[in-house]
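The values are calculated or read from the model by the stated rules, or taken from the named source; none is laboratory data. What you are looking at is a predicted structure, and each value in this text was computed from that prediction instead of being measured. Ideal geometry is used to build each Cβ from the backbone, glycine not excepted, and the neighbour counts take in all protein chains shown.
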Amino acid sequence: MSTNKSDHNWKTLDRDLGRIASFESATLYVAKPMVGLGIAFLFIILAAIAASIFFGGASTSWVVIAAAGVGAYMAVNIGANDVANNMGPAVGANALTMGGAILIAALCETAGALLAGGDVVSTISKGIIDPESVAGHDVFIWAMMAALISSALWVNLATWLGAPVSTTHAVVGGVMGAGIAAAGFAAVNWPTMGTIAASWVISPVLGGAIAAMFLWFIKSFIIYQDDKIAAARKWVPVLIAIMSGVFATYLAMKGLKKVFDVSAINALIVGVVIGFGTYFAAVPFVKKQSEGLENRNRSLKVLFTLPLVISAALLSFAHGANDVANAVGPLAAIVHAEQFGEFAGKVEIPLWVMIIGALGLSFGLVLFGPKLIRMVGNQITKLNPMRAYCVALSAAITVIIASWLGLPVSSTHIAIGGVFGVGFFREYHEERRARLSNAIRDEATRIAPEERSRRKLVRRSHFLTIIAAWVITVPAAALMSGLIFLALHAAFV
(Lines give C-alpha, C1' and ligand atoms only; values in the text may rest on other atoms or scores of the structure.)
Protein backbone atom coordinates (compact mmCIF):
# COMPACT_ATOMS: atom_id res chain seq x y z
CA MET A 1 0.00 0.00 0.00
CA SER A 2 2.79 2.39 0.91
CA THR A 3 4.58 1.44 -2.30
CA ASN A 4 1.54 2.42 -4.38
CA LYS A 5 1.26 5.68 -2.51
CA SER A 6 4.96 6.40 -3.11
CA ASP A 7 4.58 5.67 -6.84
CA HIS A 8 1.57 7.96 -6.97
CA ASN A 9 3.54 10.77 -5.30
CA TRP A 10 6.41 10.34 -7.76
CA LYS A 11 4.00 10.45 -10.72
CA THR A 12 2.40 13.60 -9.31
CA LEU A 13 5.83 15.16 -8.86
CA ASP A 14 6.80 14.24 -12.44
CA ARG A 15 3.63 15.84 -13.77
CA ASP A 16 4.25 18.99 -11.74
CA LEU A 17 7.86 19.18 -12.92
CA GLY A 18 6.69 18.67 -16.49
CA ARG A 19 4.22 21.53 -16.15
CA ILE A 20 6.92 23.75 -14.66
CA ALA A 21 9.32 22.87 -17.51
CA SER A 22 6.63 23.60 -20.10
CA PHE A 23 5.82 26.89 -18.39
CA GLU A 24 9.51 27.87 -18.34
CA SER A 25 9.87 26.99 -22.04
CA ALA A 26 6.80 29.05 -22.91
CA THR A 27 8.09 31.95 -20.82
CA LEU A 28 11.46 31.88 -22.57
CA TYR A 29 9.75 31.68 -25.98
CA VAL A 30 7.59 34.72 -25.20
CA ALA A 31 10.37 36.68 -23.48
CA LYS A 32 13.06 36.10 -26.13
CA PRO A 33 11.86 38.87 -28.48
CA MET A 34 11.52 41.20 -25.53
CA VAL A 35 15.21 40.81 -24.69
CA GLY A 36 16.18 42.22 -28.10
CA LEU A 37 13.73 45.09 -27.72
CA GLY A 38 15.06 45.82 -24.24
CA ILE A 39 18.69 45.92 -25.41
CA ALA A 40 17.77 48.15 -28.36
CA PHE A 41 15.86 50.52 -26.06
CA LEU A 42 18.87 50.64 -23.70
CA PHE A 43 21.15 51.54 -26.62
CA ILE A 44 18.80 54.36 -27.66
CA ILE A 45 18.85 55.71 -24.09
CA LEU A 46 22.66 55.52 -24.00
CA ALA A 47 22.86 57.39 -27.32
CA ALA A 48 20.71 60.16 -25.87
CA ILE A 49 22.93 60.27 -22.77
CA ALA A 50 26.01 60.50 -25.00
CA ALA A 51 24.44 63.46 -26.79
CA SER A 52 23.75 65.15 -23.47
CA ILE A 53 27.42 64.72 -22.52
CA PHE A 54 28.84 66.07 -25.79
CA PHE A 55 26.19 68.73 -26.35
CA GLY A 56 24.99 69.50 -22.86
CA GLY A 57 26.14 73.09 -22.76
CA ALA A 58 23.63 74.49 -25.23
CA SER A 59 20.35 75.95 -24.10
CA THR A 60 18.40 73.84 -26.59
CA SER A 61 20.43 70.67 -26.13
CA TRP A 62 17.27 68.65 -25.48
CA VAL A 63 16.54 68.83 -29.23
CA VAL A 64 19.90 67.23 -30.03
CA ILE A 65 19.39 64.66 -27.26
CA ALA A 66 16.03 63.65 -28.72
CA ALA A 67 17.50 63.57 -32.25
CA ALA A 68 20.36 61.35 -31.04
CA GLY A 69 17.84 58.87 -29.66
CA VAL A 70 15.89 58.85 -32.94
CA GLY A 71 19.15 58.54 -34.92
CA ALA A 72 20.13 55.53 -32.82
CA TYR A 73 16.68 54.04 -33.48
CA MET A 74 17.17 54.58 -37.22
CA ALA A 75 20.63 52.98 -37.12
CA VAL A 76 19.23 49.89 -35.36
CA ASN A 77 16.57 49.57 -38.05
CA ILE A 78 19.13 49.90 -40.85
CA GLY A 79 21.18 47.13 -39.23
CA ALA A 80 18.10 44.92 -38.96
CA ASN A 81 16.99 45.45 -42.57
CA ASP A 82 19.79 46.60 -44.86
CA VAL A 83 22.71 44.45 -43.69
CA ALA A 84 20.80 41.24 -44.51
CA ASN A 85 21.31 41.97 -48.20
CA ASN A 86 25.06 41.47 -47.88
CA MET A 87 25.05 38.39 -45.66
CA GLY A 88 21.82 36.68 -46.74
CA PRO A 89 23.24 35.02 -49.88
CA ALA A 90 26.31 33.68 -48.01
CA VAL A 91 24.11 32.20 -45.26
CA GLY A 92 21.64 30.79 -47.79
CA ALA A 93 24.52 29.12 -49.64
CA ASN A 94 25.75 27.57 -46.34
CA ALA A 95 29.10 29.32 -46.75
CA LEU A 96 28.55 30.95 -43.36
CA THR A 97 26.56 30.05 -40.29
CA MET A 98 24.11 32.63 -38.98
CA GLY A 99 26.41 33.39 -36.04
CA GLY A 100 29.48 33.69 -38.26
CA ALA A 101 27.65 35.99 -40.67
CA ILE A 102 26.44 38.25 -37.86
CA LEU A 103 29.92 38.45 -36.32
CA ILE A 104 31.66 39.27 -39.61
CA ALA A 105 28.99 41.75 -40.66
CA ALA A 106 29.00 43.53 -37.28
CA LEU A 107 32.78 43.93 -37.34
CA CYS A 108 32.96 45.00 -40.99
CA GLU A 109 29.98 47.37 -40.78
CA THR A 110 31.47 49.08 -37.73
CA ALA A 111 34.93 49.26 -39.30
CA GLY A 112 33.52 50.66 -42.54
CA ALA A 113 31.52 53.33 -40.71
CA LEU A 114 34.34 54.45 -38.42
CA LEU A 115 37.36 54.06 -40.71
CA ALA A 116 35.94 54.99 -44.09
CA GLY A 117 32.62 56.66 -43.33
CA GLY A 118 32.18 59.88 -45.26
CA ASP A 119 33.31 62.85 -43.18
CA VAL A 120 31.11 65.12 -45.29
CA VAL A 121 27.58 63.95 -46.02
CA SER A 122 24.82 65.50 -48.03
CA THR A 123 22.26 65.68 -45.25
CA ILE A 124 19.59 66.95 -47.59
CA SER A 125 19.76 63.61 -49.35
CA LYS A 126 21.62 64.49 -52.52
CA GLY A 127 19.80 67.76 -53.13
CA ILE A 128 16.21 66.61 -52.60
CA ILE A 129 15.22 69.96 -51.07
CA ASP A 130 16.84 73.38 -51.09
CA PRO A 131 17.88 74.37 -47.54
CA GLU A 132 17.42 78.04 -48.39
CA SER A 133 13.74 77.47 -49.14
CA VAL A 134 13.11 76.38 -45.54
CA ALA A 135 12.16 79.47 -43.57
CA GLY A 136 13.88 79.57 -40.24
CA HIS A 137 16.29 77.67 -38.05
CA ASP A 138 13.58 75.94 -36.01
CA VAL A 139 11.61 74.86 -39.07
CA PHE A 140 14.70 73.23 -40.58
CA ILE A 141 15.45 71.32 -37.38
CA TRP A 142 11.92 69.93 -37.09
CA ALA A 143 11.93 69.01 -40.78
CA MET A 144 15.08 66.94 -40.25
CA MET A 145 13.61 65.40 -37.09
CA ALA A 146 10.43 64.45 -38.95
CA ALA A 147 12.48 62.90 -41.77
CA LEU A 148 14.48 60.86 -39.27
CA ILE A 149 11.42 59.63 -37.36
CA SER A 150 9.37 58.73 -40.44
CA SER A 151 12.17 56.86 -42.22
CA ALA A 152 12.99 54.91 -39.05
CA LEU A 153 9.33 53.96 -38.53
CA TRP A 154 8.95 52.86 -42.15
CA VAL A 155 12.09 50.68 -42.10
CA ASN A 156 10.93 49.22 -38.77
CA LEU A 157 7.55 48.32 -40.29
CA ALA A 158 9.18 46.80 -43.38
CA THR A 159 11.49 44.66 -41.23
CA TRP A 160 8.52 43.44 -39.20
CA LEU A 161 6.73 42.50 -42.45
CA GLY A 162 9.86 40.73 -43.76
CA ALA A 163 10.43 43.10 -46.70
CA PRO A 164 13.99 44.29 -47.46
CA VAL A 165 13.56 47.95 -48.46
CA SER A 166 15.95 50.74 -49.33
CA THR A 167 16.85 52.77 -46.26
CA THR A 168 18.33 55.38 -48.60
CA HIS A 169 14.97 55.82 -50.30
CA ALA A 170 13.21 55.92 -46.92
CA VAL A 171 15.43 58.86 -45.91
CA VAL A 172 14.87 60.49 -49.32
CA GLY A 173 11.11 60.16 -48.89
CA GLY A 174 11.28 61.47 -45.35
CA VAL A 175 13.28 64.55 -46.33
CA MET A 176 11.01 65.19 -49.32
CA GLY A 177 7.82 64.93 -47.26
CA ALA A 178 9.11 67.20 -44.53
CA GLY A 179 10.37 69.67 -47.13
CA ILE A 180 6.98 69.81 -48.83
CA ALA A 181 5.20 70.29 -45.52
CA ALA A 182 7.66 73.00 -44.47
CA ALA A 183 8.09 74.97 -47.69
CA GLY A 184 5.72 73.62 -50.34
CA PHE A 185 6.24 71.58 -53.49
CA ALA A 186 8.56 74.21 -54.97
CA ALA A 187 11.21 73.30 -52.38
CA VAL A 188 11.69 69.86 -53.90
CA ASN A 189 14.22 69.27 -56.68
CA TRP A 190 11.91 67.25 -58.93
CA PRO A 191 14.51 66.36 -61.60
CA THR A 192 16.59 64.73 -58.86
CA MET A 193 13.53 62.87 -57.61
CA GLY A 194 12.90 61.68 -61.17
CA THR A 195 16.43 60.30 -61.33
CA ILE A 196 15.93 58.48 -58.04
CA ALA A 197 12.62 57.05 -59.29
CA ALA A 198 14.39 55.79 -62.42
CA SER A 199 16.94 54.05 -60.22
CA TRP A 200 14.14 51.97 -58.68
CA VAL A 201 13.94 50.16 -62.00
CA ILE A 202 17.48 50.48 -63.30
CA SER A 203 19.41 49.24 -60.25
CA PRO A 204 17.59 45.93 -59.57
CA VAL A 205 17.34 45.11 -63.29
CA LEU A 206 21.03 45.85 -63.83
CA GLY A 207 22.01 43.90 -60.71
CA GLY A 208 19.88 40.95 -61.79
CA ALA A 209 21.24 40.99 -65.35
CA ILE A 210 24.88 41.05 -64.21
CA ALA A 211 24.30 38.26 -61.67
CA ALA A 212 22.56 36.16 -64.34
CA MET A 213 25.43 36.80 -66.77
CA PHE A 214 28.02 35.52 -64.31
CA LEU A 215 25.88 32.49 -63.49
CA TRP A 216 25.61 31.73 -67.22
CA PHE A 217 29.40 32.00 -67.48
CA ILE A 218 29.95 29.60 -64.57
CA LYS A 219 27.45 27.08 -65.94
CA SER A 220 28.82 27.25 -69.50
CA PHE A 221 32.55 27.24 -68.81
CA ILE A 222 32.77 25.21 -65.57
CA ILE A 223 29.67 23.25 -64.55
CA TYR A 224 28.80 21.78 -67.97
CA GLN A 225 32.37 20.89 -68.91
CA ASP A 226 33.43 17.23 -69.04
CA ASP A 227 36.33 17.87 -66.65
CA LYS A 228 34.78 20.28 -64.17
CA ILE A 229 37.83 20.43 -61.89
CA ALA A 230 40.21 21.33 -64.73
CA ALA A 231 37.77 24.01 -65.92
CA ALA A 232 37.51 25.36 -62.37
CA ARG A 233 41.29 25.57 -62.05
CA LYS A 234 41.31 27.68 -65.20
CA TRP A 235 38.38 30.02 -64.55
CA VAL A 236 37.90 30.32 -60.77
CA PRO A 237 41.14 32.36 -60.38
CA VAL A 238 39.82 34.68 -63.11
CA LEU A 239 36.54 35.13 -61.21
CA ILE A 240 38.42 35.77 -57.96
CA ALA A 241 40.60 38.33 -59.73
CA ILE A 242 37.51 40.08 -61.10
CA MET A 243 36.03 40.14 -57.59
CA SER A 244 39.21 41.63 -56.11
CA GLY A 245 39.58 44.22 -58.83
CA VAL A 246 35.93 45.24 -58.62
CA PHE A 247 35.97 45.60 -54.84
CA ALA A 248 39.26 47.50 -54.93
CA THR A 249 37.72 49.95 -57.40
CA TYR A 250 34.49 50.07 -55.41
CA LEU A 251 36.19 50.83 -52.10
CA ALA A 252 38.59 53.33 -53.66
CA MET A 253 35.67 55.23 -55.20
CA LYS A 254 33.06 54.96 -52.45
CA GLY A 255 34.56 53.79 -49.20
CA LEU A 256 37.90 55.49 -48.68
CA LYS A 257 37.02 59.16 -49.18
CA LYS A 258 37.89 59.88 -45.58
CA VAL A 259 41.42 58.51 -46.04
CA PHE A 260 42.17 59.95 -49.48
CA ASP A 261 40.24 61.13 -52.51
CA VAL A 262 40.55 59.01 -55.67
CA SER A 263 39.30 59.88 -59.13
CA ALA A 264 37.28 57.32 -61.11
CA ILE A 265 40.17 56.63 -63.52
CA ASN A 266 42.71 56.17 -60.70
CA ALA A 267 40.27 53.90 -58.85
CA LEU A 268 39.93 51.79 -61.99
CA ILE A 269 43.73 51.56 -62.31
CA VAL A 270 43.96 50.47 -58.67
CA GLY A 271 41.35 47.80 -59.34
CA VAL A 272 43.16 46.46 -62.42
CA VAL A 273 46.51 46.25 -60.59
CA ILE A 274 44.99 44.49 -57.57
CA GLY A 275 43.00 42.19 -59.84
CA PHE A 276 46.11 41.02 -61.69
CA GLY A 277 47.98 40.55 -58.42
CA THR A 278 45.12 38.52 -56.96
CA TYR A 279 44.95 36.31 -60.07
CA PHE A 280 48.56 35.17 -59.67
CA ALA A 281 47.95 34.49 -55.98
CA ALA A 282 44.67 32.65 -56.67
CA VAL A 283 46.08 30.18 -59.22
CA PRO A 284 48.12 28.12 -56.69
CA PHE A 285 45.38 28.53 -54.06
CA VAL A 286 42.67 27.08 -56.32
CA LYS A 287 45.01 24.34 -57.52
CA LYS A 288 45.65 23.24 -53.95
CA GLN A 289 41.98 23.51 -52.98
CA SER A 290 40.94 21.37 -55.96
CA GLU A 291 43.34 18.50 -55.26
CA GLY A 292 41.44 15.27 -54.68
CA LEU A 293 38.04 16.71 -55.54
CA GLU A 294 35.59 14.51 -57.43
CA ASN A 295 34.42 15.56 -60.86
CA ARG A 296 30.93 16.69 -59.83
CA ASN A 297 29.07 19.90 -59.13
CA ARG A 298 29.10 19.53 -55.36
CA SER A 299 32.91 19.63 -55.37
CA LEU A 300 32.89 23.03 -57.07
CA LYS A 301 31.17 24.62 -54.07
CA VAL A 302 34.39 24.23 -52.05
CA LEU A 303 36.25 26.52 -54.45
CA PHE A 304 33.72 29.35 -54.16
CA THR A 305 33.14 29.31 -50.40
CA LEU A 306 36.12 31.42 -49.27
CA PRO A 307 35.78 34.02 -52.07
CA LEU A 308 32.08 34.31 -51.20
CA VAL A 309 32.83 34.94 -47.51
CA ILE A 310 35.43 37.58 -48.38
CA SER A 311 33.08 39.31 -50.82
CA ALA A 312 30.30 39.39 -48.22
CA ALA A 313 32.70 40.93 -45.69
CA LEU A 314 33.83 43.57 -48.19
CA LEU A 315 30.22 44.41 -49.07
CA SER A 316 29.50 44.92 -45.37
CA PHE A 317 32.55 47.18 -45.00
CA ALA A 318 31.47 49.29 -47.98
CA HIS A 319 27.88 49.37 -46.72
CA GLY A 320 29.00 50.65 -43.32
CA ALA A 321 31.11 53.32 -45.01
CA ASN A 322 28.29 54.60 -47.19
CA ASP A 323 24.95 53.90 -45.54
CA VAL A 324 25.78 55.01 -42.01
CA ALA A 325 24.96 58.48 -43.32
CA ASN A 326 21.32 57.42 -43.68
CA ALA A 327 21.13 57.07 -39.91
CA VAL A 328 23.24 60.02 -38.80
CA GLY A 329 22.95 62.48 -41.71
CA PRO A 330 19.81 64.24 -40.49
CA LEU A 331 21.15 64.00 -36.91
CA ALA A 332 24.40 65.68 -38.02
CA ALA A 333 22.34 68.41 -39.71
CA ILE A 334 20.45 69.07 -36.48
CA VAL A 335 23.69 69.15 -34.45
CA HIS A 336 25.23 71.58 -36.93
CA ALA A 337 22.17 73.83 -36.91
CA GLU A 338 22.07 73.92 -33.11
CA GLN A 339 25.81 74.45 -32.78
CA PHE A 340 26.28 77.21 -35.36
CA GLY A 341 22.75 78.62 -35.62
CA GLU A 342 22.65 77.96 -39.37
CA PHE A 343 21.87 75.13 -41.71
CA ALA A 344 23.62 73.84 -44.81
CA GLY A 345 23.37 71.07 -47.38
CA LYS A 346 26.65 69.53 -46.28
CA VAL A 347 28.06 69.31 -42.77
CA GLU A 348 30.87 67.64 -40.90
CA ILE A 349 29.78 64.61 -38.89
CA PRO A 350 31.14 64.66 -35.31
CA LEU A 351 32.87 61.48 -34.17
CA TRP A 352 30.34 60.77 -31.42
CA VAL A 353 27.53 60.95 -33.98
CA MET A 354 29.36 58.52 -36.28
CA ILE A 355 29.90 56.12 -33.36
CA ILE A 356 26.17 56.12 -32.64
CA GLY A 357 25.50 55.20 -36.26
CA ALA A 358 28.17 52.49 -36.39
CA LEU A 359 27.11 50.82 -33.14
CA GLY A 360 23.44 51.08 -34.08
CA LEU A 361 24.06 49.17 -37.32
CA SER A 362 25.75 46.38 -35.37
CA PHE A 363 23.09 46.23 -32.63
CA GLY A 364 20.30 46.09 -35.20
CA LEU A 365 22.03 43.31 -37.11
CA VAL A 366 22.75 41.18 -34.04
CA LEU A 367 19.35 41.64 -32.42
CA PHE A 368 16.96 41.64 -35.37
CA GLY A 369 18.95 40.79 -38.51
CA PRO A 370 18.47 36.97 -38.69
CA LYS A 371 14.85 37.29 -39.91
CA LEU A 372 15.77 39.20 -43.07
CA ILE A 373 18.99 37.21 -43.54
CA ARG A 374 16.96 33.99 -43.72
CA MET A 375 14.44 35.55 -46.07
CA VAL A 376 17.07 36.86 -48.50
CA GLY A 377 19.22 33.75 -48.27
CA ASN A 378 16.65 30.96 -48.29
CA GLN A 379 13.13 32.06 -49.10
CA ILE A 380 13.38 33.89 -52.45
CA THR A 381 15.26 31.19 -54.37
CA LYS A 382 17.67 28.38 -53.52
CA LEU A 383 21.27 29.57 -53.40
CA ASN A 384 24.60 27.76 -53.44
CA PRO A 385 28.11 29.30 -53.24
CA MET A 386 28.32 29.81 -57.03
CA ARG A 387 24.96 31.59 -57.24
CA ALA A 388 25.59 33.66 -54.11
CA TYR A 389 29.01 34.64 -55.45
CA CYS A 390 27.33 35.95 -58.61
CA VAL A 391 24.98 38.07 -56.45
CA ALA A 392 27.83 39.61 -54.44
CA LEU A 393 29.89 40.32 -57.54
CA SER A 394 26.96 41.91 -59.37
CA ALA A 395 26.26 44.19 -56.39
CA ALA A 396 29.73 45.73 -56.48
CA ILE A 397 29.85 46.04 -60.28
CA THR A 398 26.39 47.64 -60.44
CA VAL A 399 27.33 50.27 -57.84
CA ILE A 400 30.43 51.19 -59.83
CA ILE A 401 28.45 51.49 -63.08
CA ALA A 402 25.76 53.54 -61.34
CA SER A 403 28.39 55.85 -59.85
CA TRP A 404 29.81 56.56 -63.30
CA LEU A 405 26.30 57.23 -64.62
CA GLY A 406 25.48 59.46 -61.65
CA LEU A 407 22.51 57.34 -60.53
CA PRO A 408 21.62 57.36 -56.79
CA VAL A 409 21.11 53.60 -56.53
CA SER A 410 20.17 51.50 -53.52
CA SER A 411 22.40 48.64 -52.37
CA THR A 412 19.22 46.86 -51.23
CA HIS A 413 17.63 47.02 -54.67
CA ILE A 414 20.83 45.83 -56.34
CA ALA A 415 21.41 42.86 -54.02
CA ILE A 416 17.80 41.68 -54.08
CA GLY A 417 17.74 42.23 -57.85
CA GLY A 418 20.80 39.98 -58.07
CA VAL A 419 19.03 37.24 -56.12
CA PHE A 420 15.98 37.50 -58.37
CA GLY A 421 18.22 37.57 -61.45
CA VAL A 422 19.91 34.33 -60.41
CA GLY A 423 16.55 32.70 -59.67
CA PHE A 424 14.84 33.77 -62.89
CA PHE A 425 17.89 32.74 -64.94
CA ARG A 426 17.72 29.29 -63.38
CA GLU A 427 14.04 29.07 -64.37
CA TYR A 428 14.83 30.12 -67.93
CA HIS A 429 17.78 27.74 -68.12
CA GLU A 430 15.77 24.77 -66.83
CA GLU A 431 12.94 25.48 -69.30
CA ARG A 432 15.44 25.77 -72.13
CA ARG A 433 17.08 22.46 -71.25
CA ALA A 434 13.66 20.85 -71.05
CA ARG A 435 12.78 22.06 -74.54
CA LEU A 436 16.07 20.77 -75.94
CA SER A 437 15.57 17.31 -74.47
CA ASN A 438 12.81 15.22 -76.03
CA ALA A 439 12.43 13.01 -73.00
CA ILE A 440 12.06 15.91 -70.61
CA ARG A 441 9.78 17.73 -73.03
CA ASP A 442 7.45 14.73 -73.27
CA GLU A 443 7.35 14.47 -69.49
CA ALA A 444 6.73 18.20 -69.11
CA THR A 445 3.67 18.05 -71.36
CA ARG A 446 2.08 15.61 -68.92
CA ILE A 447 2.53 17.91 -65.92
CA ALA A 448 -0.54 19.93 -64.98
CA PRO A 449 -0.19 23.75 -65.23
CA GLU A 450 -0.72 24.09 -61.45
CA GLU A 451 2.16 21.68 -60.78
CA ARG A 452 4.45 23.48 -63.23
CA SER A 453 3.65 26.75 -61.48
CA ARG A 454 4.46 25.19 -58.10
CA ARG A 455 7.86 24.11 -59.38
CA LYS A 456 8.96 27.67 -60.17
CA LEU A 457 12.40 28.41 -58.74
CA VAL A 458 11.52 31.93 -57.52
CA ARG A 459 8.78 32.43 -54.95
CA ARG A 460 6.31 34.81 -56.55
CA SER A 461 4.76 35.83 -53.24
CA HIS A 462 8.07 37.25 -51.99
CA PHE A 463 8.72 38.87 -55.35
CA LEU A 464 5.39 40.73 -55.30
CA THR A 465 5.73 41.71 -51.61
CA ILE A 466 9.22 43.15 -52.10
CA ILE A 467 8.34 45.03 -55.30
CA ALA A 468 5.27 46.53 -53.60
CA ALA A 469 7.39 47.62 -50.60
CA TRP A 470 9.93 49.23 -52.94
CA VAL A 471 7.28 51.16 -54.85
CA ILE A 472 5.58 52.65 -51.80
CA THR A 473 8.72 53.35 -49.70
CA VAL A 474 9.25 56.96 -50.85
CA PRO A 475 5.58 58.06 -50.88
CA ALA A 476 4.84 56.29 -47.58
CA ALA A 477 7.89 57.80 -45.84
CA ALA A 478 7.06 61.21 -47.38
CA LEU A 479 3.46 61.13 -46.16
CA MET A 480 4.48 60.04 -42.66
CA SER A 481 7.20 62.68 -42.54
CA GLY A 482 4.85 65.48 -43.63
CA LEU A 483 2.30 64.55 -40.96
CA ILE A 484 4.98 64.23 -38.28
CA PHE A 485 6.47 67.61 -39.24
CA LEU A 486 3.08 69.31 -39.01
CA ALA A 487 2.55 67.78 -35.56
CA LEU A 488 6.02 68.80 -34.33
CA HIS A 489 5.69 72.29 -35.81
CA ALA A 490 2.33 72.81 -34.14
CA ALA A 491 3.65 71.58 -30.80
CA PHE A 492 7.05 73.26 -30.58
CA VAL A 493 7.37 76.14 -33.05
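Per-residue answers, yes or no, for (1) of a type in the set (S, T, Y); (2) more than 22 Å from K301 (Cα to Cα):
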residue	(1), (2)
L383	no, no
Y389	yes, no
I397	no, yes
I401	no, yes
V409	no, yes
I416	no, no
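From I229, I202, I210, grab the single residue that is within 19 Å of the chain's Cα centre (by Cα), surrounded by fewer than 23 Cβ atoms within 10 Å (Cβ to Cβ) and either at pLDDT 90 or above or under 23 Å from V422 (Cα atoms) (or both). Explain how you work it out, then say what you get.
Details: I229 fails: within 19 Å of the chain's Cα centre (by Cα); I210 fails: surrounded by fewer than 23 Cβ atoms within 10 Å (Cβ to Cβ).
Unique residue meeting the criteria: I202.
Taking the range 435-493 and the helices (runs of 4 or more DSSP H) fully enclosed by it, the elements with 2 or more residues that are at pLDDT 80 or above, more than 26 Å from the chain's Cα centre (by Cα) and surrounded by 16 or more Cβ atoms within 10 Å (Cβ to Cβ) are at 460-492. Might you let me know whether the range 166-186 holds any residue that is in a helix (DSSP H, G or I), without any contact (Cβ under 8 Å) to a residue 12 or more places away in the chain and within 18 Å of the chain's Cα centre (by Cα)? No, the conditions are met nowhere in the range 166-186. Screening Q225 with (1) more than 30 Å from V302 (Cα to Cα); (2) of a type outside the set (D, E); (3) outside any helix (DSSP H, G or I) gives one miss only, at (1). Scanning for something modelled with pLDDT of 60 or more, closer than 18 Å to G357 by Cβ, of a type in the set (G, A, S) and surrounded by 10 or more Cβ atoms within 10 Å (Cβ to Cβ), does the range 27-42 turn up at least one residue? Yes - at least one qualifying residue is present in the range 27-42. Only a single item in (1) at pLDDT 90 or above; (2) surrounded by fewer than 20 Cβ atoms within 10 Å (Cβ to Cβ) is not met by I240, and it is number (2).
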